Amino acid sequence: MTDSLSLVDDWGPEKIVVVSHRRTGMKGVLVIDNTARGVGKGGTRMGPTVTVGEVARLARVMTWKWAGVDLFYGGAKAGIVADPAAPDKEAVLRAFARALSNEVPREYVMGLDMGLTEDDAAIIQDELGDRGAAVGTPQHLGGVAYDKLGVTGYGVAEAADAAAGTLGLPLSGSRVALQGFGAVGAAAAQRFTELGAGVVAVSTAHGTLHAPAGLDVPALLRAREAYGDHCLAHYEGGTALPSDAELTVDCEVLVPAALQDVIDDDTAHRIKARLVVEGANLPTSPSAQTVLAARGVTVVPDIVANAGGVVAAAFAMDGRYSGFRPETPQIFRAVSSRLRANTTTVLEEAARRNVTPHDAGRGLAEERVRAAMVSKGRIPRG
């Protein structure tokens with residue numbers, strides 16, 4: 001297990017809680033990174049390879065993401081080491097929630113990430129007897145179903161459109177390649193189509209489908225609804241390519257919307273897109289970001305591009321006790337306006353300071369977090 005002390009820097013984490021339960025075999029971790037701007041909020045993921053270091057990295061992303069969209073919550077993340085398809089999932093989830101009853105919801109509010117569903121959020125609320133313990137519950141329990149609404153993918157496409165405008169690159173008529181066709185990638189594909197772009201490549205864990213003239217996105221969405229991750233095998237048309245080939249096909253816009261750490265230096269040298277929009281968290285390494293900048297490839301950072309889910313989660317946070325549920329158009333308007341404005345601000349700041357967009361975006365977020373830390377006496381003034 002990662003040495004937790006090695007993860008600590010001037011920003012956090014404030015608390016790392018590692019928990020286990022012998023009877024269920026549950027093992028998990030909560031990382032509360034920085035709460036200067038508000039209670040810790042971030043998704044809880046479940047997977048067989050979850051590590052403390054991974055969760056800590058993602059908690060830090062949440063710190064910058066909340067500050068980047070200027071919403072008043074703190075960065076946090078949780079993870080459970082378990083197979084989300086296992087029959088004892090509920091027992092493991094309940095054991096995890098009980099183990100964190102001191103922190104949830106006073107210091108951390110659970111949300112949905114990889115491996116968890118709306119019903120899992122409801123189970124967490126039920127186990128702790130507190131509606132405020134988790135967001136992302138089903139609509140019939142008063143939740144804001146932001147995963148089903150596809151707000152994160154919608155926001156990715158909106159950010160891409162704003163970035164394309166700063167480059168003088170009309171998004172309408174542009175070719176888009178998507179890595180990942182889960183909730184984020186599918187919603188992004190739909191919105192890109194509505195904005196007039198053509199999706200020329202899509203990948204899942206089972207391979208890549210490529211069509212230079214454009215894929216039929218509505219047909220792909222129907223196949224995904226019926227077959228899930230195996231949807232590409234049930235789509236008629238396109239050419240099958242190996243996994244990761246979608247990253248280097250001819251296109252104007254590339255959206256890595258699957259896993260972290262997928263674009264290294266070598267891949268960065270081979271990317272043909274003019275614009276990379278990070279739909280996933282941490283998909284590009286710092287050195288790859290430098291390579292892309294040197295090649296003139298613009299990157300919209302994850303803390304800007306995929307913050308649509310964060311904006312929607314803020315609505316859910318506001319209504320978790322009151323039962324207030326905003327109208328869907330209100331959520332989409334907020335996602336569009338905030339992400340478009342943030343994208344333009346970050347890219348203009350990067351150009352003004354001659355730094356990468358990642359450095360510019362993180363710099364703006366750091367200023368806001370530092371100001372909160374100073375005001376609350378957590379660090380010395382000046």
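The table below gives the values:
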{"item": "Some residue of the range 96-104 being within 15 Å of Leu30 (Cβ to Cβ), aliphatic (A, V, I, L, M), in the same structural domain as Val17 (by TED's automatic domain parsing) and part of a helix (DSSP H, G or I)", "result": "yes"}
{"item": "Among the candidates Ala312, Ala334, residue that is in contact with a Ser or Thr (Cβ under 9 Å, 6 or more places away or on another chain) and either outside the structural domain of Gly182 (by TED's automatic domain parsing) or not polar (S, T, N, Q) (or both)", "result": "Ala312"}
{"item": "Conditions (1) under 24 Å from Glu348 (Cα atoms); (2) part of a helix (DSSP H, G or I): number failed by Ala187", "result": "(1)"}
{"item": "Number of positions in the range 332-382 that are among the charged types (D, E, K, R) and free of Cβ contacts under 8 Å to residues at least 12 places away in the same chain", "result": "7"}
{"item": "Residue within the range 125-136 that is surrounded by fewer than 24 Cβ atoms within 10 Å (Cβ to Cβ) and under 26 Å from Asp229 (Cβ atoms) present", "result": "no"}
{"item": "Odd one out for Gly382 among (1) outside the structural domain of Leu292 (by TED's automatic domain parsing); (2) in contact with a strand residue (DSSP E or B) (Cβ under 7 Å, 6 or more places away or on another chain)", "result": "(2)"}
{"item": "Residues being assigned to a strand (DSSP E or B), at pLDDT below 95 and of a type in the set (D, E, K, R) - total across the range 1-44", "result": "0"}
{"item": "The range 307-353 - residue that is among the acidic types (Asp, Glu) and modelled with pLDDT of 90 or more and, of those, surrounded by the fewest Cβ atoms within 10 Å (Cβ to Cβ)", "result": "Glu348"}
{"item": "Test: residue in the range 72-87 that is outside any strand (DSSP E or B), among the charged types (D, E, K, R), without any contact (Cβ under 8 Å) to a residue 40 or more places away in the chain and surrounded by fewer than 18 Cβ atoms within 10 Å (Cβ to Cβ)", "result": "yes"}
{"item": "Unmet criterion (only one of (1) touching a helix residue (DSSP H, G or I) at 6+ places or on another chain (Cβ under 6 Å); (2) at pLDDT below 95; (3) of a type in the set (Gly, Ala, Ser)) for Gly115", "result": "(1)"}
{"item": "Residues of the range 137-166 that turn out to be closer than 23 Å to Val255 by Cα and in a helix (DSSP H, G or I), as a count", "result": "20"}
{"item": "Complete set of residues in the range 120-133 that are of a type outside the set (Val, Ile, Thr), in contact with an Asp or Glu (Cβ under 9 Å, 6 or more places away or on another chain) and either outside any helix (DSSP H, G or I) or farther than 22 Å from Gly38 by Cα (or both)", "result": "Asp120"}
{"item": "Val200 being in a helix (DSSP H, G or I), surrounded by 15 or more Cβ atoms within 10 Å (Cβ to Cβ) and in contact with a strand residue (DSSP E or B) (Cβ under 9 Å, 6 or more places away or on another chain)", "result": "no"}
{"item": "Verdict on Tyr73 being closer than 30 Å to Trp11 by Cβ and in contact with a helix residue (DSSP H, G or I) (Cβ under 8 Å, 6 or more places away or on another chain)", "result": "yes"}
{"item": "Candidates Leu364, Leu339, Leu347 - the one that is farther than 22 Å from Ala313 by Cα and under 22 Å from the mean Cα position of the chain (by Cα)", "result": "Leu347"}
{"item": "Set Asp261, Asp266: member being within 29 Å of Ala134 (Cβ to Cβ), without any contact (Cβ under 8 Å) to a residue 60 or more places away in the chain and either part of a loop (DSSP other than H, G, I, E, B) or out of contact with any Cys (no Cβ under 9 Å at 6 or more places or on another chain) (or both)", "result": "Asp261"}
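The values are calculated or read from the model by the stated rules, or taken from the named source; none is laboratory data. Given the structure is predicted, the values throughout are model-derived calculations rather than measurements. As a convention, Cβ positions derive from the backbone with ideal geometry for all residues, glycine included, and neighbour counts pool all protein chains shown.
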